[in-house]
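One structure is given below, encoded as structure tokens.
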Amino acid sequence: MSIIYRQGTLSECVQVVEQIDEFRRKETIETLSIRLQQKRHLIQVAEQSVSSNVETAAAQRLFD
């Protein structure tokens with residue numbers, strides 16, 4: 001398994017916030033955009049790739 005980090009979007013932030021019950025005030029893309037105006041920000045997403053080893057093994061058999 002490998003973890004891939006990439007730049008995320010405001011839409012992905014909103015999707016995460018909607019899943020966390022402890023957040024009283026739910027965000028929207030619009031409210032986040034307003035809050036982040038004139039501020040440096042970086043949204044990062046970590047994705048776990050489960051199939052990368054299987055795909056690599058299949059590709060090696062294909063080209064051997």
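The values are calculated or read from the model by the stated rules, or taken from the named source; none is laboratory data. Note that the coordinates shown come from a computational prediction; the quantities given were computed from them, not determined experimentally. Cβ sites come from the backbone with ideal geometry, for glycine too, and all protein chains shown count toward neighbours. Areas reflect the complete protein model, heavy atoms only, side chains present, ligands, DNA and RNA absent. Shrake-Rupley method; radii C 1.70, N 1.55, O 1.52, S 1.80 Å.
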Can you pull out the residues in segment 1-40 that are open to solvent by less than 80 Å² (accessible area, probe 1.4 Å) and among the aliphatic types (A, V, I, L, M)?
-> L10, V14, V17, I20, I29, L32, L36
Any chance segment 41-51 includes a residue that's among the hydroxyl-bearing types (S, T, Y), surrounded by 11 or more Cβ atoms within 10 Å (Cβ to Cβ) and at pLDDT 85 or above?
-> no
For I3, state whether it is in contact with a helix residue (DSSP H, G or I) (Cβ under 6 Å, 6 or more places away or on another chain) and at pLDDT 80 or above.
-> no
Count of residues meeting criterion [closer than 26 Å to I3 by Cα and assigned to a loop (DSSP other than H, G, I, E, B)] in segment 26-48 | 4
